[in-house]
Amino acid sequence: MNFKFFPHTADDIATMLGRCGVKGIDDLYADVPEEVRLQGDYDLPEAMSEVELRAWFDCLGKKNRLLTCFAGAGVYDHYVPAVVPFVCARSEYLTSYTPYQAEVSQGTLHYIFEYQSMMAELTGMEVSNASMYDGTTATAEAAMMAVAAARKANRVLVSATVDKKTLSVVQTYAHVHGFEVGIIAGDQGVTCADDLREMVEQGGVAGVIVQQPNRYGIVEDFTSFADTCHQAKALFIVNSVAADLALLKTPGEWGADVAVGEAQSLGIPMSYGGPYLGYMCTTEKLVRKMPGRIVGQTVDSEGRRAFVLTLQAREQHIRRQKATSNICSNESLLALWVTIYMSIMGKEGLKEAAQRSFDGAHQLHDALIATGKFTELYDRPFFNEFCLSYKGDVPALLKKLADNGILGGVDMGNNVIMIAVTEQRSAEELNQYVGLV
């Protein structure tokens, strides 16, 4: 198949295939299962005028159903102030890329610096970077940091109460980069402290990863966890939903060495799955082990405030073998989005949104228990997300809710449903949910 906009000639393609040691394109993709390959041509319409194209997309958009969202599991339906997308849509932000020439990228460096400052304060840590794809890969990068910092230790422990998606990504990184992953047992929905202690005492542990709130929405007590890790010279890594830290005890207060997680909850729309933004904050002594870039503040030759790329440990900036990570994209547009959101909300606004989410979740939780159709999965404290056992068919319940305009939650299997509430959910919507079960 020939494409007139592709610059490669048949000879170019033959040369590249020969270098790869294969005879044809089909051989190149031999490892890709047949069932996931595109069969036939793309289903694209013929060329249209602007008016026709707009009408076509309008019809396409109407196929989407906008549901009232009670689903979470890492992505949450928070309010986005109108000024945030307005500012981010300005051309100087929307079209900018990575600040290779720092001296002429002062605007970009300025907001990255402000983002770092805000995230460090939110997490209670000393240093933040601004180059993580999402919460799962940020966590995997933290695991790699732990191994790099430990040098001789080659094992990272992950709590069984960490989101399975995050665990899967960490295991993928481990497979490629050659370190081991061990699973700390859960105990009634929380990390088993005794199992953590026993596994750490066996030796060879570079880092320990826990999640707050955990995969069940439970707020865990990490008292003594940091001491257990540090006595064995292992790093204590806490993955958190960013917005929840407005009210919860911060990773810094728990004694964490690294704080990571997903920042989507800080005003980034759900957007059918992305783009999102991972964050990573550490103690100052680990700053040179961090992936990505760190922007610092200084003064120029005339004494004026200026911003610089203090550290840039990406392979695009330095030799690949010296890089701390192969992350090479720039997530700073999402960092700007989060920065504007936090600036507009302020500390009290972030706390209020978190409190409303907490209150709404507990109101819905109690109302569902009162119906007699639900029971506690684990009788533990939770924030804005909780798991309940349903005395019935969870898929059927979720379908009934969806038919009535509600995305009712996440099916966790074994008749367990996970439900999330944010500040966007009204009392009427909570009552409608209860009335439908």
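Between the entries [x] 31.7; [y] 22.7; [z] 26.5, the label attached to mean projected area of the Cα convex hull in nm² calculated for this structure is [z].
Under a crude label model (7 Å from the Cα following the beta-carbon direction), how far is GLU352 from GLU103 in nanometres? About 4.6 nm separates the two model spin labels.
Rounded to the nearest 0.05, what FRET efficiency is calculated for ASP31 and LYS152 with R0 set to 41 Å and r the Cβ-Cβ distance?
Numbers: r = 35 Å, r/R0 = 0.85.
Taking R0 as 41 Å, the efficiency between ASP31 and LYS152 is 0.70.
Once every DSSP H run of n ≥ 4 in the chain is given -39500 (n - 2.57) and the sum is divided by its residues, what mean residue ellipticity at 222 nm do you get, rounded to the nearest 500 deg cm²/dmol? Computed ellipticity for the chain at 222 nm equals -11500 deg cm²/dmol.
For the chain, what is the charge dipole size about the Cα centre, in debye to the nearest 20, if Lys and Arg each add +1 at the Cβ and Asp and Glu each add -1 at the Cβ?
Values: 37 positive and 53 negative charges, 160 e Å.
With only Lys, Arg, Asp and Glu charged at Cβ, the dipole is about 760 debye.
Please sort through the DSSP H helices of the chain and keep those with an alpha-carbon extent of at least 30 Å along the long axis and a Kyte-Doolittle average not below 0.0. Don't jump to the answer; show the numbers that get you there.
Details: long enough: 332-370 (45 Å, 0.30).
Flagged H segments are 332-370.
Taking K and R as +1 and D and E as -1, what net charge do the other residues with C-beta under 9 Å from the C-beta of VAL190 add up to? Present the calculation step by step, with values, prior to reporting the outcome.
Numbers: positive: ARG380; negative: ASP187, GLU220, ASP221.
My count for the surroundings of VAL190 gives -2.
The H on the amide N of VAL181, modeled in the peptide plane, is under 5 Å from the matching H of VAL156, each at least 5 residues off or on a different chain. Counting only protein heavy atoms and a 1.4 Å probe, the chain has 52 square angstrom of accessible area per residue.
When the residues TRP337, TRP56 are ordered by accessible surface, computed with a 1.4 Å probe over the protein chains alone, the sequence from largest down reads TRP56, TRP337. At 1.4 Å probe size, with the rest of the protein present, what percent of the exposed accessible area of the chain is carbon and sulfur atoms? Its accessible area is 52 percent carbon and sulfur atoms.
Calculate the dipole size of the stretch 152-310 relative to its Cα centre from +1 charges on Lys and Arg beta carbons and -1 charges on Asp and Glu beta carbons; express the result in debye to the nearest 20.
Values: 14 positive and 17 negative charges, 128 e Å.
Using only the charged Cβ atoms, the result is roughly 620 debye.
Restricting to the chain, compute how many DSSP beta bridges are antiparallel as a %, nearest 5.
On the way: 29 of 50 bridges.
Approximately 60 percent, going by the DSSP bridge assignments.
Spatial offset of the stretch 220-269 relative to the stretch 157-180 amounts to 17 Å, using the alpha carbon center of each.
For the stretch 294-299, the Karplus equation 6.51 cos²θ - 1.76 cosθ + 1.60, evaluated at θ = phi - 60°, returns couplings of 10, 9, x, 10, 8, 10 Hz by residue, with Gly and Pro reported as x.
When the listed pairs LYS4/LYS63; LYS62/LYS399; LYS63/LYS399 are checked against a 23 Å cut-off, the alpha-carbon distance exceeds it for LYS4/LYS63. At a Cα cut-off below 20 Å, give the lysines reachable from LYS233, other chains included and same-chain residues fewer than 8 away excluded. Answer for LYS233, where 20 Å is the Cα cut-off: LYS152, LYS285, LYS289, listed by chain and number.
Here the contact order of the chain, divided by its residue count and restricted to Cα pairs under 8 Å and six or more residues apart, works out to 20 percent.
The values are calculated or read from the model by the stated rules, or taken from the named source; none is laboratory data. The model shown is predicted, which means the values in this text are computed figures rather than measured ones. All Cβ positions, glycine included, derive from the backbone under ideal geometry; neighbour counts span all protein chains shown. In case anyone asks, the SASA skips ligands and DNA or RNA and just uses the protein heavy atoms, side chains included. Shrake-Rupley method; radii C 1.70, N 1.55, O 1.52, S 1.80 Å.
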